[in-house]
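Report on the structure given below.
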């Protein structure tokens, strides 16, 4: 211990310490004495990684002794040894129910680092099929509390080596999804939450939809207090997709979304993003927009116009029959708003990366726009839209 601290004080690397402890896998007395010495040391916080190394060796070679020590640390309630033990909770072979009970107990300790350790263990223990139900119970019992690192570890606990998502029932799925709601930036921690949602949505589309819908509401409330840190749909076009969800369910969710969109008094950008993410650009989705627009008030039409502007494909060119039908479904000032929205969306670059000379890229975009405008059919139902598009060339 004295030599170890002398090296640390002299800034000499002691990275071989944990490997050295593995030489004592068959010596429970040494490992126990070493752990106790580190726990009782006045500089234990500086030595927490070394204590974790001792406990890791103990976990591998003396599992019964490790459980005794880990339970004892919890009973004492001292944060540093509990943190050290948390990152030695993973069992590589011959796991038993007490191991999962210990993980669950550590997951309930009010410290985000300890929670991460418990969830990190679960993320690699799904191979123990007889313990999967207990592992599921341990995972969903952990409260992430809005901490992005804990929430990301929770998402990874249901990864390829963790708990199978197929074990979740609807209530458990809803509770699990709600854990990600207060996390400000879903893109953090290597996009663990979006990666989770990609798999989650195919099994639980309703719960995913409610999560995204509630996320919009949370972001709206935060913006009222000048808090713009809640990222909602920045990743969605490349991340969460409802394409694997059956068509009937997607249309049902899209109908719920557009009903909220047309009544919204605040900016509808996020509702529009959610609508296109859920409904896609199938004909049934486009027909839903036409039916909705034909029964909208002034606010509703304004919101439908914003919905059109948030589409990715240039609808006037790629879905010309839809554009014609939508224009024909409204009249007067409402008709003009829809025409302007379709024209603006057709002229607008949908985003995405490009390389080369920006001026050449923009020139190519303008040439393509002019060509597509010229190729629109001569149709009375499209006449006003065509005129507006030509003015934009």
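What follows is calculated from the coordinates using simple rules that are stated; it is not laboratory data. The shown structure was predicted, so the numbers you read here are calculated from the model rather than taken from an experiment. Because the Cβ atoms are built from the backbone with ideal geometry, glycine has one as well, and the counts that use them run over all protein chains shown.
Points to keep in mind about this one:
- Contour minus Cα-Cα distance for residue 259 and residue 318 (0.36 nm per residue): 18.7 nm
- Fraction of the pair-distance distribution of the chain above 29 Å, Cα-Cα pairs, percent: 57 percent
- Choice from 374, 343, 101 with maximal GNM fluctuation in the chain (Cα, 10 Å cutoff): 374
- Nearest-ten-degree value, helix 269-279 long axis tilted from longest Cα axis of the chain: 90 degrees
- Alpha carbon centroid spacing (whole Å) that separates region 127-180 from region 209-227: 24 Å
- Counting every other Cβ atom within 10 Å of each residue's Cβ, 52, 78, 32, 226 order from fewest to most as 226, 78, 32, 52.
- GNM remark for the chain: springs join alpha carbons under 10 Å apart, and the peak mean-square fluctuation among 157, 171, 86 falls on 171.
- Stokes-Einstein diffusion coefficient of region 107-261, Kirkwood radius over Cα pairs, 4 °C, 1.567 mPa s, in µm²/s: 80 µm²/s
- For region 167-237, the alpha-carbon radius of gyration amounts to 1.10 times the rule-of-thumb value 2.2 N^0.38 Å expected for a compact globular protein.
- Helix-only mean residue ellipticity at 222 nm for the chain, each DSSP H run of n ≥ 4 adding -39500 (n - 2.57), per residue, nearest 500: -19500 deg cm²/dmol
- Cα-based shape type of region 49-189, given that a ≥ b ≥ c are square roots of the gyration tensor eigenvalues and the cut on a/c is 1.5: oblate
- Viscosity 0.890 mPa s, 25 °C: Kirkwood-radius Stokes-Einstein D of region 282-393 over Cα pairs, µm²/s: 168 µm²/s
- Residue order, fewest to most beta carbons within 10 Å, for 297, 36, 147, 334: 297, 36, 147, 334
- Computed FRET value (nearest 0.05) for residue 1 with residue 27, which takes r as the C-beta separation and R₀ as 22 Å: 0.85
- A Gaussian network model of the chain, with springs between Cα atoms under 10 Å, assigns the largest mean-square fluctuation among 168, 253, 76 to 76.
- Acute angle (nearest 10 degrees) that the helix 247-263 long axis makes with the longest principal axis of the chain, alpha-carbon atoms: 70 degrees
- 0 to 90° range, to nearest 10: angle between helix 112-122 axis and the chain longest Cα axis: 90 degrees
- Highest average packing first - 125-133, 364-372, Cβ atoms within 10 Å: 125-133, 364-372
- Order of 176, 55, 213 under a 10 Å beta carbon neighbour criterion, fewest first: 213, 176, 55
- The Stokes-Einstein estimate for region 1-106, based on a Kirkwood radius over Cα pairs and taken at 25 °C with 0.890 mPa s viscosity, is a diffusion coefficient of 176 µm²/s.
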